[in-house]
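The next block holds one structure in the form of structure tokens; read it before the comments.
The values are calculated or read from the model by the stated rules, or taken from the named source; none is laboratory data. Everything quoted here is computed from the prediction, not taken from an experiment. Neighbour counts are summed over all protein chains in view; Cβ atoms, including those assigned to glycine, are modelled from backbone coordinates with ideal geometry. Calculation scope for accessible area: heavy atoms of the full protein, side chains included, ligands and nucleic acids excluded. Shrake-Rupley method; radii C 1.70, N 1.55, O 1.52, S 1.80 Å.
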Amino acid sequence: MKSSTEVVIIGGGLIGCSIAYHLTKLGCTDIMLLERSELTSGSTWHAAAGVHGLHDNSNITKLQNHTMQVYKELQLETEQSCGIHENGIIYLAQTEDREHQLRLQAAKAKLYNIKFEELSLEQVQQLHPLVNLDGIRCAFMETNAGHVDPSGVTFAYAKGAKQNGAEIHRFTPVTATTPQADGSWLVSTPKGDIHTQAVVNVAGLWGREVAKLAGFELPLMTMEHQYFVTESMPDVEAHPVELPSIADRDGEYYLRQENQGLLVGAYEKDGRFWAEEGTPLDFGHELLNDDLERIEDNMMAAINRIPALGEAGIKSVINGPMIWSPDSSALFGPVPELDNYYCCNGIIPGFSQSAGLGLMLAQWIVEGEPEMDLFAWDLARFDEWADKNFAKARALDCYAHRFKIHFPYEEREAGRPARMRPAYAKQQSMGAVFGLNGGWEHPLWFAQEGVAAMEEYGFKRQNWHGAVGEECRALRQSAGLIDISNFAKYEIKGPGAERWLNQLVANKAPTEIGRTCLAPLLSLRGGIAGDFTVTKLGDDHYMMFGSGMAERFHQRYFKRVPLPTDTSFSSLTNSHCGFSLAGPNSRTILQQLAPQEALSNTGFPFMRSRQMQVAGINCVVLRVSFSGELGYEIYTSEDKQLALYEAILAAGVDHHLRPVGGRALLSLRVEKGYGSWGREYSTEYWPQEVGLDRLIKLDKEDDFIGKQAYVAIKDKAPREQLIMLEIDTPHDADASGGEPIFDLEGTPVGKVSSGAYGHSLGKSYALAFIHSEHLHKCAFDVAILGLPHRAKLLQQAPYDPQGQRLRS
């Protein structure tokens, strides 16, 4: 066995073999894959191995379809069968919400050229004569979906990787991973030590244990999962071709043909944890004791849908462990706190995603970052706040609601409250309904007296629509107070602070005390990795503000710029809180709290900052506003948050100040056409596509992250453009993000990035990306609820397009 290599992959399951294969396809062939037992040990070998293309996330949809195509290519390349069954999946809707979901998926399928079409109930009966269609509203079929052979696919990846130069070592457990001073790693095994430039933890059920070897924790929890296979069934034997799989999601089961019988798997409400304290090192190809009584409700739902199932004998029961992340999505990417250490763990629909995960992680290792925005998978979306208790509560919730619809803006309660600020109890007493952002509980909206402080969810406007409208109008007409403590906050101090910032962001750092600027952070490919507000508080003293949920993501970029020895960089996100005081009366309220300060438009202009006392509390105040109104962001230490909150509320009583939540801020920013990180701003979009190219200063003395990549694309025409739409909404539903957009001839032309009802103007709006060749068109159809909603292209933001209210 070699003593040095470029990449060590720990884990020889499906995903580990895929990563090895895809690395070799990108030219990285000096690879060693280490498997503690046999390939496919753990979860891979006993998986039901269903594959499908559609997902709520657009990029994951692309990668799942890529995965299905790769299986066909892999078979030809390696001559190893992947056991591909394209029998199709029939999706059934029992409820109106499920119908909305399927119609929206059908619209997305047209955008991504996926075969997903509505069937009449007669067609369903012809394709699958065993199905009882009582209570079914509609049905759709994904034609190319189906299932594969779990071992066949894994061995095909392994064979392809070995053919391309990778080494695979079975029965080689990893006993230690030790970081070296130069960023490389020493990986220890019973067969000897291996010096490597990069480590990939893709250890499946043992992902937690392998992470601990490197000194960190992954928020993962193992759970039992059962499916059973019936004896041969005469009705199945009589069917001339393989039956389509059935996706009757409201029953929380899945069902497909297996040989001449049926395979039925269940996600029961009464789930069982397994190996909570750690996966046994001697576990491999074993199964757990079956317990079919636990999935009886799911079985009865399946029998109701397929009555013949009730007469079938059970041939075998598979009860095997699966390992879950807190949101059932992958924990993927480089660990921000470590050098050259990558993860790909907590994969649930692995056979639908294996090639996508393999390709994207290979790109991250070889090219520095993936071509797609994959924050939905990025392990950086969780931090230390996602502890074992949180992971356990969320894993059970994800398991028990595996097929539950994820509605727009839905906030699930498991594992919460998470992190709370001092003002939490006060806000709760005022009727706040909270959401989770970066681990922090923050107000979404406030229920007024006599209204229950609880949310309802659906694809149409819900119970909070009216309350959010009142908050929006209050802020526009008088004043609103928004808790923005979940924003990321950084302090940079020292003689090298200005230069460090100039090497990090694309705009020039302010040189005058009190000046503030908006500063994009570019990705290595020249896209938008972040958007920050940077202000100069004093000599060699800056603060920078950005997306709170992206803080750990942005750490990777911060590490790329060496910090001068005489300069400090500190995150103040946990130690400091903030409020946005905005609206026509905001200046009057702030002046009452800071009578010593000159707050006139000339005394404290737009895009300025200062350190000052507010209600006797030391604060940093910026004159900026994400709502589009005259406003201020006021930051102070966490121990002063409650006192500051109460003081502002008290000062605002006579000025009709109202507490305002995040849902209202969404509506207000959409009316103004303001983009947001993770929606309009992502690594995929070029600056000129989102209107941020004006903030990129190529004449700076210092190079900055992504500069050369941006220079290579800056003169290229936008591939697509961020635009704004006004939408007719006769069905009492608004765009929320991800809805496909078509021209009036039915051609897919783009998708919505953010949407909201504009309460100030009484109309529904969306920010969206349209492919450049269609920008000359004036009218479009937006597939809200999967149905065409007529929209017109706006040439400017509908609310205060010149920004006069901000600057008044």
Residue count, the stretch 1-26 (criterion: assigned to a loop (DSSP other than H, G, I, E, B) and crowded, with 20+ Cβ neighbours inside 10 Å): 3
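Collect the residues in the stretch 440-453 that are open to solvent by less than 40 Å² (accessible area, probe 1.4 Å) and over 11 Å from ARG421 (Cβ atoms), keeping them in residue-number order.
Within the stretch 440-453, LEU444, TRP445, PHE446, ALA447 qualify.
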Pairs where the first residue, in the stretch 708-735, is within 17 Å of VAL690 (Cα to Cα) and the second is open to solvent by 30 Å² or more (accessible area, probe 1.4 Å) and basic (Lys, Arg), C-beta under 7 Å, 6+ apart: ALA709/ARG525; LEU725/LYS792
Residue list for the stretch 708-734, restricted to those being open to solvent by less than 40 Å² (accessible area, probe 1.4 Å), part of a strand (DSSP E or B) and out of contact with any His (no Cβ under 6 Å at 6 or more places or on another chain): LEU722, ILE723, MET724, LEU725, GLU726
Selection count where residues are under 28 Å from ASP149 (Cα atoms), under 26 Å from the mean Cα position of the chain (by Cα) and not polar (S, T, N, Q), scope the stretch 74-107: 4
Those residues of the stretch 464-480 which are touching a helix residue (DSSP H, G or I) at 6+ places or on another chain (Cβ under 6 Å) and among the hydrophobic types (A, V, I, L, M, F, W, C), in sequence order: VAL468, CYS472, ALA479
Flag for HIS554 being under 34 Å from the mean Cα position of the chain (by Cα) and farther than 30 Å from ILE713 by Cβ: no
Candidates GLY737, GLY786, GLY755 - the one that is surrounded by 23 or more Cβ atoms within 10 Å (Cβ to Cβ), under 29 Å from the mean Cα position of the chain (by Cα) and small (Gly, Ala, Ser): GLY755
Selected residue (criterion: farthest from PRO336 (Cα to Cα)) from residues of the stretch 165-197 that are assigned to a strand (DSSP E or B) and open to solvent by less than 10 Å² (accessible area, probe 1.4 Å): ILE194
Residue check, THR29 β-branched (Val, Ile, Thr), surrounded by 23 or more Cβ atoms within 10 Å (Cβ to Cβ), in contact with a Gly (Cβ under 6 Å, 6 or more places away or on another chain) and closer than 24 Å to HIS169 by Cβ: no
Selected residue [on the phi < 0 side of the Ramachandran plot, buried (at least 19 other Cβ atoms within 10 Å of the Cβ), outside any helix (DSSP H, G or I) and not hydroxyl-bearing (Ser, Thr, Tyr)] from LEU92, LEU104, LEU63: LEU92
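Restricting to strands (runs of 3 or more DSSP E) lying wholly in the stretch 524-582: which have 3 or more residues that are closer than 15 Å to GLU491 by Cα and not polar (S, T, N, Q)? Please lay out each step first, then the result.
Numbers: elements: 528-538, 541-546, 568-571, 576-582.
Those strands (runs of 3 or more DSSP E) span 528-538, 541-546, 576-582.
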Meets criteria (among the hydroxyl-bearing types (Ser, Thr, Tyr) and in contact with a Lys or Arg (Cβ under 9 Å, 6 or more places away or on another chain)) for TYR645: yes
Identity of the residue in the stretch 690-706, open to solvent by 30 Å² or more (accessible area, probe 1.4 Å) and in a helix (DSSP H, G or I), that ends up nearest to GLU680 (Cα to Cα): ASP693
Residue in the stretch 116-123 that is under 26 Å from the mean Cα position of the chain (by Cα) and without any contact (Cβ under 8 Å) to a residue 12 or more places away in the chain present: no
Residue match in the stretch 347-360 (condition: more than 16 Å from SER325 (Cβ to Cβ), touching a Phe, Trp or Tyr at 6+ places or on another chain (Cβ under 7 Å) and not charged (D, E, K, R)): yes
Among (1) assigned to a loop (DSSP other than H, G, I, E, B); (2) of a type in the set (Val, Ile, Thr); (3) buried (at least 24 other Cβ atoms within 10 Å of the Cβ), the one test that THR511 misses: (3)
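Rundown of residues vs (1) open to solvent by 10 Å² or more (accessible area, probe 1.4 Å); (2) over 25 Å from GLY333 (Cα atoms); (3) β-branched (Val, Ile, Thr), yes/no style:
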residue	(1), (2), (3)
ARG499	yes, yes, no
ALA506	no, no, no
HIS541	yes, yes, no
LYS559	yes, no, no
The stretch 598-657, residues that are among the polar types (S, T, N, Q) and either in contact (Cβ under 8 Å) with a residue 60 or more places away in the chain or under 17 Å from LEU481 (Cβ atoms) (or both): ASN601, SER609, GLN611, SER625, SER627, THR636, SER637, GLN641
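Kindly indicate whether LYS110 is basic (Lys, Arg) and either exposed (fewer than 14 other Cβ atoms within 10 Å of the Cβ) or touching a Cys at 6+ places or on another chain (Cβ under 6 Å) (or both).
no
Yes or no: the stretch 210-232 includes at least one residue that is part of a helix (DSSP H, G or I), open to solvent by 10 Å² or more (accessible area, probe 1.4 Å) and in contact (Cβ under 8 Å) with a residue 60 or more places away in the chain.
Yes.
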In the stretch 212-261, residue farthest from the chain's Cα centre (by Cα) [restricted to those that are within 21 Å of ARG305 (Cα to Cα) and of a type in the set (Gly, Ala, Ser)]: ALA238
Odd one out for GLU633 among (1) modelled with pLDDT of 95 or more; (2) touching a helix residue (DSSP H, G or I) at 6+ places or on another chain (Cβ under 9 Å): (2)
Residues located in the stretch 456-495, provided they are touching a Phe, Trp or Tyr at 6+ places or on another chain (Cβ under 6 Å) and free of Cβ contacts under 8 Å to residues at least 60 places away in the same chain: TYR457, ALA467
Matching residues in the stretch 650-665 - criterion: being open to solvent by 30 Å² or more (accessible area, probe 1.4 Å) and out of contact with any helix residue (DSSP H, G or I) (no Cβ under 8 Å at 6 or more places or on another chain): ALA650, VAL653, ASP654
Scan of the stretch 267-323 for residues that are outside any loop (DSSP other than H, G, I, E, B) and among the aromatic types (Phe, Trp, Tyr), ordered by number: PHE273
